[in-house]
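In what follows, a single structure is set out as C-alpha cells and then discussed.
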Amino acid sequence: MNKKLSYLLLIACLSITTLFFAQAKKPTLMILPSDNWCEQRIFMTEFDNQGTKQKVPNYKQAFQEDTEIGQVISKIGSLMIDRGFPLKDVEQELKAIEQRTAEDNMTSSTTSGAGLSESPLDKLKNRAKADIVIQIWWKVTKSDQGKVVSFVLEAFDAYTSKRIAAASGNGTPNTADIVPVLLQNAILANIDTFAAQLQSHFDDMFTNGREIRLTVRKWNNWDKNLEDEINGEEITDHITTWMDTNTVQGRFNKSEATENIIRFEQVRIPLVDDKNKALDARDFGKKLQKHLKAAPYNFEVKLMTRGLGEAILVLGEK
C-alpha cells in the first residue's frame, strides 16, 4: 500500500471516528411549559404523594386547551434541531403514558397493598428518558410599537433536576407576527449560548459519567445490619468496593454510612452499557442488586427508584 493511499485511509478513519463521537455526544431534549406558565394559565392538578397533596402541571390539559403551546414548542424545537440536538415528542409521550395509567393504577405492593407513588413529571421522564428537560415561560405585553414577548428558557438535567443552562430576554416590538414567531425571534439572540451550555454539560457527562444517587437500606426485621462482617469485611465495605469498581473513575461521595443506611451521592455512572444501551439509576442499581443476591452474600434485595436519577436498595426481603 503506497503512502498516499495510507494517508487517505487514515484521514477517512479519523473523520468517521470524529463524526461518530460528535453524534454520540448530543443529548436528547424534551421541551415543556414551565410550572409558572402552567400556574398562570391554571393548567395544574393535584395528586396524592403518599398522603401529601401536591400541585403539578397538567401537561395534557395544556396541550389540549392552549392554542400556542404546541406551536411554541415546535418553534423552539426547530432551533435546537438546527443545532444538532435530537428531541423527544412530548405530546406523543403523554398519550402513551395515558394508555399505561390504567395498568399502573392496578399495581400494588404484595405486602401492604399500597399503590404506586409517582408524579406526572416523573412518569414523563421515565417514559421519554430524555437527558435534558427544557422549560419555557413567556409573556406578551403590548406597547405603542406593538407586541413585546418576554421569555425565560431553563434547562435541567433530567436525572438530577439540576439547572444546567438558562437564557432570558425580551423581543423586539412587532405588530404582525403571532406569538410563536415572536418568541422564536426573541430566543434566536440567545440560543447559541444556551446550546453551548447544554453541550458543555453533556460533554462533562460523556467524559466523567452521568450523575445519580444510590441509597442502600435494610428492612427492620432483617437479621443482619450493614456493619456485620462477611469474609472479614463489613457489608458496607463490600458495597463500597463494588462502587469503586463500577462507577466512572471511582467517582462518588459516600455522604452517610451507619448500620442501617448508606447514602451515595454524586455517583457517576457510564452513559451507556457494553451493548450501547442508555443507563439510568435503575439499571445501575439492578447490577448492584444482582451482585448482592449472589454468593457470598445471598441477600434478598428490593430495588426501588425515584425518577431516572435515584435508586434505592433495601436488604432483607422484597
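Every residue in the range 60-99 that is farther than 16 Å from SER34 by Cβ, among the hydrophobic types (A, V, I, L, M, F, W, C) and open to solvent by less than 40 Å² (accessible area, probe 1.4 Å), please.
LEU79, MET80, PHE85, LEU94, ALA96, ILE97
Could you please tell me which pairs satisfy a Cβ distance under 7 Å, a separation of 6+ or placement on different chains, a first residue in the range 221-241 that is more than 16 Å from GLY316 (Cβ to Cβ) and among the charged types (D, E, K, R), and a second residue that is assigned to a loop (DSSP other than H, G, I, E, B) and open to solvent by 60 Å² or more (accessible area, probe 1.4 Å)?
Hits for this filter: GLU234/GLU227.
Would you please list the contacts, defined by Cβ atoms under 7 Å and residues six or more apart or on different chains, that run from a residue in the range 167-184 that is farther than 12 Å from GLY146 by Cβ and at pLDDT 90 or above to a residue that is among the aromatic types (Phe, Trp, Tyr) and open to solvent by 70 Å² or more (accessible area, probe 1.4 Å)?
From the range 167-184, no pairs qualify.
Given the criterion over 18 Å from PHE47 (Cα atoms), among the β-branched types (Val, Ile, Thr) and modelled with pLDDT under 65, identify the matching residue among THR160, THR111, THR107. If you could, list the steps in order and put the result at the bottom.
Working: THR160 fails: modelled with pLDDT under 65; THR107 fails: over 18 Å from PHE47 (Cα atoms).
Of THR160, THR111, THR107, the one residue that is over 18 Å from PHE47 (Cα atoms), among the β-branched types (Val, Ile, Thr) and modelled with pLDDT under 65 is THR111.
Go through the range 274-298 and report how many residues are surrounded by 14 or more Cβ atoms within 10 Å (Cβ to Cβ) and touching a residue at least 60 places away in the same chain (Cβ under 8 Å).
8
What are the residues in the range 161-189 that are more than 16 Å from SER200 (Cα to Cα) and open to solvent by less than 30 Å² (accessible area, probe 1.4 Å), if any?
Just the residues of the range 161-189 that are more than 16 Å from SER200 (Cα to Cα), to begin with: 161, 168-189.
Passing the criteria: GLY169, GLY171, VAL179, PRO180, LEU182, LEU183, ALA186, ILE187.
For the range 39-59, which residues satisfy the criterion of being under 21 Å from ILE136 (Cα atoms) and open to solvent by less than 80 Å² (accessible area, probe 1.4 Å)?
Within the range 39-59, the first condition is being under 21 Å from ILE136 (Cα atoms), and the residues that meet it are 39-45, 55-59.
Passing the criteria: ARG41, PHE43, MET44, THR45, VAL56, PRO57, ASN58, TYR59.
The values are calculated or read from the model by the stated rules, or taken from the named source; none is laboratory data. Note that the coordinates shown come from a computational prediction; the quantities given were computed from them, not determined experimentally. When we count neighbours, we look across all protein chains shown, and the Cβ atoms used for this are built from the backbone with ideal geometry, even at glycine. In case anyone asks, the SASA skips ligands and DNA or RNA and just uses the protein heavy atoms, side chains included. Shrake-Rupley method; radii C 1.70, N 1.55, O 1.52, S 1.80 Å.
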